Every structure is written in structure tokens, then in C-alpha cells.
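What follows is calculated from the coordinates using simple rules that are stated; it is not laboratory data. Everything numeric here is computed off the predicted structure, so don't read it as measured data. All Cβ positions, glycine included, derive from the backbone under ideal geometry; neighbour counts span all protein chains shown.
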Amino acid sequence: MGRKVSRGQQAPRKTETREGAWGRFGRAVQGQIIPWLFLMPALLVFATFSWYPIILGAVVSFQEYHPLRPPRWVGFENFQTLFSDPLFATAWGNTAKFALLALLFGYMVPVILALAINEVRRFSAFFRAAYYLPAILPGVVTAVLWQWMYDPGAGLINSVIRLFGGRGLPWLLSAETVIPSLVIMATWAGAGATMVVYLAALRGIPVELYEAAEIDGASVLQRIRYISVPQVLPVMLTMLILQIVGTIQVFTEPYVMTGGGPNNASITVMLLIYRYAFRYFDFGVASAAGLILFLVLLAITIVYLWVTRRVQND
Amino acid sequence: MATAQQLPTPPSTAAPDLEQAAALSGERGAQRAPDQGRGAISHLDFSRPSVRVGYCAVIVLLAAGTVVMIFPLIWMLLGALKSANEVFRIPPTLLPESWHWENFAQGWAQLNVPRYLFNTLKILVGTWLMAITVPALAAYSLSKLRPAGARLIQLGFMATLMMPPQAYLIPRFLVLQNVPLLHINLLDTYWALWLPAGVQAFNILLLRNFFDKIPGELLDSARIDGASELRIFGQIILPLSRPILAVLSIFTFTAVWNDFFWPLIVISSQPKQPIMVAIQLFASGNGAWNVVMAVLFMATLPPILFFLIFQRHIIGGITLGSVKG
């Protein structure tokens, strides 16, 4: 019966039936070779530099791994080392403080900028470019430039404060002000790029919507509140998670500007991982810290996905 | 482009490129002349004093914000032109007393900029080849050749987008130290920067979406004429994909120019380091802020020029990445 069906299907293509099963199989394999050859470079680099390292990272977390020495299984010893290191808690505390302050200061800035620039008639292209400009600077340039501006003596910021009669702050040199200083700089550097995304969302609003609201007697503020704001809200959710995930991984700014100081007040998780790996050459502990960081970021992403699904369902 | 010409001529402060960008994101209803590029406020609202006052207040605040955004860059340039004494003066001078253009030459020589520029250039060429070619080949296969298991492979590629890059920092370093199967050490060679640059799930996604829109009949007729898949890829697909390849190239340039963390880790010998790592080292061991600022300014020029030339692509690309990705 199976034969009959297959003959029925193959009947119009006589050459293929004559080839027999092996021929068809061979042709099918041949048809697969070229597509897989095209995929091969990508498969190789993904396997070597992405898929395998993910597994390796988890494995090394449970090993004593020093260069030039064969790795040795140590169970949870690396994690014990981490949890008994007071700097680990400090680093997570600093990272959390950085992320929270960045949300508090920086999160709303691009939204407000986009809502304002969206209303601007004549200089809007100039404003957009001006606010985007700091986002073009390389991270190292921004960090060194602000390091100079934060100088308590000759730095620009304290000079401006003194110009208005203030006394100035120690900025990067005091444990209390160092993280807020980094956050202010990160907001300056990052707001423009995020603003552009919000602006794109706002530009997608059809003018007819505003016109209809105007005819219905809605004031300008009401139009912004009930038409513009709902348009950026879903984007804000995405930006929230991107910002949190980004700030938790902060490295370049504290590395360049403070080296984690003063007195470890600005050491972040990434900076600690860097120290364990490339100063103490203890890759096992560094991997364990990396694994914890990854799990935290994964948890945040899962919460985010769960929230977006609920928001979309409502 | 046509709408750019129809826009009311704005003041000369805005460069023509900026306007085109505005037209690009704001092009709709070209016939509604009084409300061109409007937001919530219509031209009728401006007859109300409260709206006019509020609008002016917003403009003034935005202008003040612009100063905050731009002034640090001007300050960088002014600092680069001051003498070694003047740069430390309290309170600082706004304009240099005498203009020390030689600071640029000094920074150029002290840091040995040509060497590090050349290093960055070498890194850029290899990274660009990897970050474009490898994803393009894969995207072509996934989009047009569709091998068995394509969906699973695609899932494997896209899953890496969920991984924060810093999370596999250490294991990737260890892989480069002792490449599996080959057992060679690629650290302190540019291969350590070039090869991982091929891992670009996002580029695969964008290229695949682009290739999907190229009609299959075009490729079929080439196949009937006896063209090989590689030839179709090189002579039909790539030339048609110029716009998306341009966007990806721009992003690759910016990423390589700005990259700091990864080269810092994998390139340990100083003469091989790219410009950003060299600048950080130069600045950290250098008290002469005027020369440091001169170097920073030089390092900032290429990305700024690049942005001014390609800003339509760049801004379009950002929104491409964050809204649709």
C-alpha cells in the first residue's frame, strides 16, 4: 500500500523514480551540502566563541583554574571564596547603587527630551544633533574628559559652582560622591541615544490623532498626556530593561576614572571580575562571579518578559 | 529627499544633513504647510498666549540643556590649546591666553599616534570582514537556501542575543588562550579580535530580513543560467544589499574605534594595542591635561566626522536596533 501511494506521488517525475531510493537520498544530501557550507563559518565562530564558552564558563566556575596549571575540580569552593570576600558584597552594593541612581536621575531624561523636542518646530534637527553628540564620543574619551572636569581644583564643574558662590564637591575623590558623579556622566553620555529611539516612536504618531483630539477640545497638555505618552510607554519598558542590564555591566568608566576607588567605593562587579581574572589570575573565582552576574541578568530579563506579556495581555 | 527641499528654510545653524535627517523622520503630510513636522501643538494653538509662553519656556530650557551637552566638548578643545601652566589655574580661564596649537603636535608625537592608528586600522579591516561576511553567508543560507534544520540553527544564533557580552568574557578569553581542537594560543594577536567579531547574531537577523525581500525568481533565473550559489551571492545578493551593508559597516567602524575593554584584555603588548587603549594608558600616566585633551580631541574627530556624514544611517540604525530588534 505504501508503495502504491509513493508511486502515485512520483508518477509525473519519471526520472526520479528511475534513480531509486539511493539516488534520491544522494540528491537530497547534495542539496544540503551547499546551504551548510554557507552556514559553516558562522557555525564555527558561534560554536567556538559563543556556545562553547557559555558551557566552559559554567564548568570553570567549579574548578581551580590558573594559567599553566591543569584545572582541578573544587566544587563550590570558588563561590565560598567569593562570598567570604567582603569586596564581593561591596561590588554588588555599588553596582546596585549605580543602577538605581542611573534609573532615578537618568531614566526620565531622554523621555522628557523626546517629548519636548517632538514639539519643537524650527530647531528640532539642531537640538536632536546637539543632544546626541555626547553619545558619539568613545567611552574612554568621555571618561578622561570628565575626570578632568571633576577635578576639585581646576576642574570645570567646581569652577562653575564657585562662580555661583558654591563651595564645590570632591566628586570622584570622596566615597560619598563618586557613584553619583559616575551616574551624572553616564546620563550625559547616554541620554541622546535613548532620546532618538523615543523620538522615532513619537514621529510614528499620525497627525490626524492630534487633530481629532484638538477638535474634541483637548488642551495641548492633554494631547501630550493621552496621545504622545502612550506611544512611548512600551518603548520605555524596553529601555528600562536595557538600561538596567547595561548599568549592571558597567566597567570602562570606573576602570578609567577611579580604578574602583576611593577605598573601593566605586568597585563594580565587572571590575571585581577583572581583578580576579587579570590581576590574581584566578579564573575559577572570576568565572564563578561571572556566572552569578549572568544569572542575575537572566532573572531580570525573565521578569521583564513576564511583565511585558502581562502588560500586552491587559 | 524631496521633502527636505519643501521644508521651510531654517536658520543657518543647522547643517543641510541635519535637515535631511529631520525630513526623514518627519516626512508626512507635506501638503499641510503650516503644521509641517508638528507634534501635539498645532498652528492654531499658537494664537493662545499660554501655549506661546510654554513653548518659549521649553525652547529656552532645551537651549540651556544644549549648552550642558556641547560645552564639555568645547572645553576639551579650549583645554587642548592652553599652556601647561594655564590649564591648572584656579579659577580657570575661559579662552586660552595664548593659543598653543603645538599641543596637538606634541600629543601626536608623544603618544605615537600613527602607530596606534595603524593598529586600529588593521583591527578594523579584519573585524569588518568577519562581522559582515560571516553573517551575510549565514543569512543567505537561512533566507534563500533553507537547509534542513534552518530554524533550529537560527534559534541557536538568536539565543546569543540574550547573553550579555560581559557574561562570557572570561571563558572567551580562556578559549583564545587554548583554542579547542587546535590547541593554539591566539592571545596578543589580532586574531583574538578578528575571529570573535564573526559572532554577530544581530547582523544575521538584519541581513536575513533584508534578503527575505529579494525576490526568489531573480535567483532562479540566475540558477537556470548556470550560476553557482557563491556567484549568485557575490554578484546578485551583495550588490542589492548595499544599503544594509552600509549601515552594518558604519556600526562596525564605530564599535571598533570605541572598543576598549576587549582589546585591553586580549592584547597585552603595548605596541600592538589599538588607539583607545593607548589613549587610556597615555592619559592615566600623564599630568599634562592640555596635551591629554589635544589627544582626546583628535580621537573624537573621526567619529564626529563619521556621524556628520552618515547620520541618517546611524539614527535610522539605532531605531532599527532598539525598536524592532
### Phi-based couplings in Hz for the range A:239-252 (Karplus 6.51, -1.76, 1.60; Gly and Pro marked x)
5, 4, 5, 4, 5, 4, 4, x, 6, 5, 9, 4, 9, 3
### Query
Among B:Glu102, B:Glu86, what is the fewest-to-most ranking by other Cβ atoms within 10 Å?
B:Glu102, B:Glu86
### Query
Suppose R0 equals 45 Å; then what is the FRET efficiency for A:Arg69 and A:Gln312 from their Cβ-Cβ distance, rounded to the nearest 0.05?
0.30
### Added length on full extension, which subtracts the Cα-Cα distance from 0.36 nm per residue, A:Val207 to A:Gln80
39.7 nm
### Task
For A:Gln63, list long-range residues whose amide hydrogen, built 1.01 Å from N in the peptide plane, is under 5 Å from its own amide hydrogen.
A:Val74
### Task
Pull out the extension gain between B:Ser98 and B:Ser269, defined as 0.36 nm times the separation in residues minus the alpha carbon to alpha carbon distance; nm, one decimal.
57.7 nm
### Query
Once you wrap a convex hull around the alpha carbon atoms of the range A:182-314, what is its projected area averaged over all directions, in nm²?
10.9
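Can you give the convex hull volume of the alpha carbon atoms of the range B:177-325 per residue, in Å³?
Dividing the Cα hull volume of the range B:177-325 by its residues yields 163 Å³.
Could you compute the net charge surrounding A:Leu156? Neighbours are other residues with a C-beta less than 13 Å from the C-beta of A:Leu156; K and R count +1, D and E count -1. Before the final figure, lay out each step's value.
On the way: positive: A:Arg162, B:Lys82, B:Arg89; negative: A:Asp151.
That works out to +2.
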### Query
Once you list every other residue whose beta carbon is under 13 Å from the beta carbon of A:Val144, what net charge do they have if Lys and Arg are +1 and Asp and Glu are -1?
-2
### Message
Just to be sure I understand the model, the point goes 7 Å from the Cα along the line to the Cβ. What's the resulting B:Arg242 to A:Asp216 distance in nm?
### Response
4.7
### Query
Tell me, what does the Kirkwood hydrodynamic radius of the range B:106-192 come to in angstroms if you use every pair of distinct C-alpha atoms?
16.3
#### Entry: Lys pairs, chain B - Cα-Cα below 24 angstrom, 8 or more residues apart or on other chains
4
### Query
How large is the dipole of the range A:140-296 about the Cα centre if only Lys and Arg carry +1 and Asp and Glu carry -1, each at its Cβ, rounded to the nearest 20 debye?
380
### Query
Which net charge results when you count Lys and Arg as +1 and Asp and Glu as -1 among the other residues whose beta-carbon is under 15 Å from that of B:Cys56?
+2
### Dipole magnitude (debye, nearest 20) for the range B:87-188, charges at Cβ of Lys, Arg, Asp, Glu
540
### Query
Which of rounded, prolate, oblate describes the range A:237-298, given a ≥ b ≥ c as roots of the alpha-carbon gyration tensor eigenvalues and a/c under 1.5 marking rounded, otherwise prolate only if a/b is larger than b/c?
oblate
#### Entry: Rounded tilt (10° steps) of A:86-101 against the dominant C-alpha axis of chain A
80
### Query
Rg and Dmax of the protein assembly as shown, using alpha carbons, in Å: what are they?
27.8, 99
### Query
In debye to the nearest 20, how big a dipole does the protein assembly as shown give about its Cα centre with +1 on each Lys and Arg Cβ and -1 on each Asp and Glu Cβ?
1760
### Query
How many times 2.2 N^0.38 Å is the alpha carbon radius of gyration of the range A:265-314?
1.63
### Query
Nearest 10 degrees, 0 to 90: what angle lies between the long axis of helix A:269-278 and the longest principal axis of chain A (Cα atoms)?
70
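What's the longest bit of chain A with no exposed trypsin sites (Lys or Arg not before Pro), using DSSP loop states and at most 15 other Cβ atoms within 10 Å as the test?
Details: sites that count: A:Arg13, A:Arg122, A:Arg167, A:Arg279.
Longest run free of exposed loop sites: A:168-278.
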### Query
How high is the FRET efficiency between B:Val67 and B:Leu218 when r is their beta carbon distance and R₀ equals 56 Å, given to the nearest 0.05?
0.60
### Message
Among A:Met40, B:Leu124, A:Gly153, which residue has its Cα furthest toward the positive end of the charge dipole of the protein assembly as shown, with +1 on Lys/Arg Cβ and -1 on Asp/Glu Cβ?
### Response
A:Met40
### Task
State the answer as a single residue: which of B:Val292, A:Gly93, B:Leu152 lies farthest towards the positive end of the charge dipole of the protein assembly as shown, with beta carbon charges of +1 for Lys and Arg and -1 for Asp and Glu, about the Cα centre.
B:Leu152
### Task
Let me know the shape class of chain B, please: from the alpha-carbon gyration tensor, a ≥ b ≥ c as square roots of the eigenvalues, rounded when a/c is under 1.5, otherwise prolate if a/b is greater than b/c, or oblate.
oblate
### Per-bin percent of Cα-Cα distances, the range A:115-248 [10 Å]
10, 29, 28, 21, 10, 2
### Message
Over chain B, what is the relative contact order in percent, taking alpha-carbon pairs closer than 8 angstrom and at least six residues apart?
### Response
26
### Query
Using the Kirkwood radius built from alpha carbon pairs, what does the Stokes-Einstein equation give as D for chain A at 10 °C and 1.306 mPa s, in µm² per second?
65
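How big is the Rg/Rh ratio for the range B:158-244, C-alpha atoms only, Rh by Kirkwood, two decimals?
1.14
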## Note on the structure
Counted neighbours (other Cβ, 10 Å), sorted fewest up, put A:Asp282, A:Asp85 in the order A:Asp85, A:Asp282
### Furthest towards positive pole of dipole, B:Val67, A:Asn313, A:Ser181, structure part the protein assembly as shown, Cβ charges
A:Asn313
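Inside 10 Å of the C-beta atoms of A:105-115, what's the mean count of C-beta atoms belonging to other chains? Can you show the working numbers first?
Values: counts 0, 0, 0, 0, 1, 0, 0, 2, 4, 0, 3.
That works out to 1 on average.
R0 = 35 Å: FRET efficiency of B:Leu155 with B:Leu129, Cβ-based, nearest 0.05?
0.85
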### Query
Hey, can you list the DSSP H helices of chain B whose Cα span along the axis is 30 Å or longer and whose average Kyte-Doolittle score is at least 0.0?
B:49-80, B:113-140, B:289-319
